[in-house]
1. Based on this model, can you work out whether residue 37 counts as touching a residue at least 24 places away in the same chain (Cβ under 8 Å), surrounded by 13 or more Cβ atoms within 10 Å (Cβ to Cβ) and closer than 30 Å to residue 233 by Cα?
2. Filter region 136-154 for residues that are over 25 Å from the mean Cα position of the chain (by Cα) and assigned to a helix (DSSP H, G or I) and give the result.
3. Only one residue in 121, 104 is loosely packed, with under 13 Cβ neighbours inside 10 Å and touching a residue at least 12 places away in the same chain (Cβ under 8 Å), so which one is that?
4. Can you tell me which residues in region 69-100 are in a helix (DSSP H, G or I) and farther than 25 Å from residue 152 by Cβ?
5. Residues that are touching a helix residue (DSSP H, G or I) at 6+ places or on another chain (Cβ under 6 Å), at pLDDT 80 or above and in a helix (DSSP H, G or I): does region 10-29 have at least one?
6. Which one of the conditions (1) touching a helix residue (DSSP H, G or I) at 6+ places or on another chain (Cβ under 6 Å); (2) over 27 Å from residue 151 (Cα atoms); (3) surrounded by 13 or more Cβ atoms within 10 Å (Cβ to Cβ) does residue 76 fail to meet, given that it meets all the rest?
7. Test each condition in (1) more than 22 Å from the chain's Cα centre (by Cα); (2) surrounded by fewer than 20 Cβ atoms within 10 Å (Cβ to Cβ); (3) over 18 Å from residue 208 (Cβ atoms) for residue 86 and report the one that comes out false.
């Protein structure tokens, strides 16, 4: 066996799975989004499904809502992750326990985090009952409606709880390896706290923030289980309305579902390409 071909042969099983399951499914989705459905006698290829969804106010609202959920959860997670990583980077008593507690949510499945938010933050949940016991609210139902609300607070809480340690651990690793030494040097030269953060720490954290935030944004934008479990009746995220149209007994809605899935894919892939471009630019500039 040729040594050059050995790695490719070893990767062949995984590549076959990717090609036939992922790319095959993507091609099938793309074809159906063009209204090609032999099962119902539709053989004409057109863009009617795309024209239909982009003129549908419900779709546009769901698109904005999905972007709001993805952008809001990612931005808040970045802020909280950076603040926490800055606090955990220095040595103090109990640091090991604090770091363990901080990264504890990472291996927990998203659906479990959603159930935890339900148990904690619903109007009949644990926190509302504590507020009632402390006489902060007259009855548990007076607790603010955070879950099942139209503003998506419950979804944001669950996503932030998962995203913050994922971003924070990556940032913390960079700060602990290089940040302290450079910061001490800048401090010895008279730089204040803001200058050290702006010109020393932030550039160090930037690669970790970019890479993890792209992943979290992409996941949040296409997430289904948490918006389904914690979201309100209206509006719904793109993933939910795409799935609902896919499950409609009227198969004529299937192309619209596939078109929405393609839109989600295009946005996510565009983000990944944008990150790649930014990463290459940073490598060249450095």
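1. Working: touching a residue at least 24 places away in the same chain (Cβ under 8 Å): yes; surrounded by 13 or more Cβ atoms within 10 Å (Cβ to Cβ): yes; closer than 30 Å to residue 233 by Cα: no.
No.
2. Within region 136-154, 140, 141, 142 qualify.
3. Values: 121 fails: loosely packed, with under 13 Cβ neighbours inside 10 Å.
Result of the check over 121, 104: 104.
4. 85, 86, 87, 88, 95, 96, 97, 98, 99, 100
5. Keep residues of region 10-29 that are touching a helix residue (DSSP H, G or I) at 6+ places or on another chain (Cβ under 6 Å), which gives 29.
With the extra rule that they be at pLDDT 80 or above, the set shrinks to 29.
Filter again for in a helix (DSSP H, G or I), leaving 29.
Taking every residue of region 10-29 in turn, at least one turns out to be touching a helix residue (DSSP H, G or I) at 6+ places or on another chain (Cβ under 6 Å), at pLDDT 80 or above and in a helix (DSSP H, G or I).
6. Looking at each condition in turn, residue 76 falls short on (2).
7. So the condition that residue 86 fails would be (3).
Each row is one residue, and each column tells you yes or no for (1) without any contact (Cβ under 8 Å) to a residue 24 or more places away in the chain; (2) over 18 Å from the mean Cα position of the chain (by Cα); (3) over 22 Å from residue 79 (Cα atoms).
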{"site": "196", "(1), (2), (3)": "yes, yes, no"}
{"site": "207", "(1), (2), (3)": "no, no, no"}
{"site": "210", "(1), (2), (3)": "no, no, no"}
{"site": "226", "(1), (2), (3)": "no, no, no"}
{"site": "234", "(1), (2), (3)": "no, yes, yes"}
{"site": "253", "(1), (2), (3)": "yes, yes, yes"}
{"site": "258", "(1), (2), (3)": "no, yes, yes"}
{"site": "277", "(1), (2), (3)": "yes, yes, yes"}
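The values are calculated or read from the model by the stated rules, or taken from the named source; none is laboratory data. Note that the structure is a prediction, hence the values are computed from the model and not measured. Virtual Cβ from ideal backbone geometry, glycine too; neighbours counted across all protein chains shown.
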